[in-house]
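The values are calculated or read from the model by the stated rules, or taken from the named source; none is laboratory data. What you are looking at is a predicted structure, and each value in this text was computed from that prediction instead of being measured. Glycine also receives a Cβ, built like all others from the backbone with ideal geometry; neighbour counts cover every protein chain displayed. Surface areas here come from the heavy atoms of the whole protein model, side chains and all, with no ligands, DNA or RNA. Shrake-Rupley method; radii C 1.70, N 1.55, O 1.52, S 1.80 Å.
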Amino acid sequence: MALGDRIKELRRQRRLTQDNICDKVGCSRQAMSRWENNRQIPGTDALAKLASALGVSTDYLMGRETDTKKEALSAESNISGQRLNRDNVILVPVISPILKCSAGNGNGYDDSGVAWDVVSQYPLFDGTLSALYSSKSLSAMYAEGDSMEPQIHDGDLIVFVHDETWIPGNIAIVRLDGKLFVKGILRSKNGYILRSQNRDYADIEVGEDDDFSVVGRVVKIITDRDPKPVL
């Protein structure tokens, strides 16, 4: 596979636009188009930034490396400047962004109507999680809404373990009357309370007659926001 084809394939697998990559790499869209169409080869600096933005190594982009964990590990090592233990890498299945969990008032998604398609794998570098869980027990889903700010923001990737057990105060992905939420969960006299961190949102009372279940317990929040200057 040619370099440009590999760049395009990885970008699409990660559900990124050319503009997304351009912002991370610091290049024009015209340059990005030339690279993806194999009309021009990116320079050394641009290649390293492309690898970082796509979560792989430069060797993988150039076709010199094919191992998924190795490519992810190499990329992360380049970013941090440190050598990481490959045993600490866990590949988390990412659910299609067509299906999101609502950090708000619910989005109407129900697994009977929208497929839980896995579109990619996110290389998560976390020694604790990799020791406790396997890739099969974890999934990642994108959040939408602002009810869980400042902890969870719109567009964050939420990693959760497929486990219905929880303790009061845990953040969980739950299903309530056909809607998917990401909320804090507490017990009440009549059932449960779904609580937001953003106090502009009222508690949601869950009673015995409600169609309610816990999809999973949130164990990691992955965000992609660049720091802004404080003036």
Looking for whichever is over 29 Å from residue 56 (Cβ atoms) and open to solvent by less than 70 Å² (accessible area, probe 1.4 Å) here; the options are 155, 145, 127. Which one fits? 145
Can you tell which of 56, 92, 119 is modelled with pLDDT of 75 or more, part of a loop (DSSP other than H, G, I, E, B), in contact with a helix residue (DSSP H, G or I) (Cβ under 9 Å, 6 or more places away or on another chain) and β-branched (Val, Ile, Thr)? 56
Limited to the stretch 2-33, what total is found for residues that are free of Cβ contacts under 8 Å to residues at least 60 places away in the same chain, assigned to a helix (DSSP H, G or I) and either open to solvent by less than 80 Å² (accessible area, probe 1.4 Å) or among the aliphatic types (A, V, I, L, M) (or both)? 17
Quick check on residue 163: is it within 14 Å of residue 216 (Cα to Cα) and either assigned to a loop (DSSP other than H, G, I, E, B) or open to solvent by 10 Å² or more (accessible area, probe 1.4 Å) (or both)? yes
Only one of 203, 210, 163 is acidic (Asp, Glu) and closer than 24 Å to residue 132 by Cα, namely 163
Within the stretch 178-196, of all residues that are touching a residue at least 40 places away in the same chain (Cβ under 8 Å) and more than 21 Å from residue 223 (Cβ to Cβ), the one most open to solvent (accessible area, probe 1.4 Å) is 179
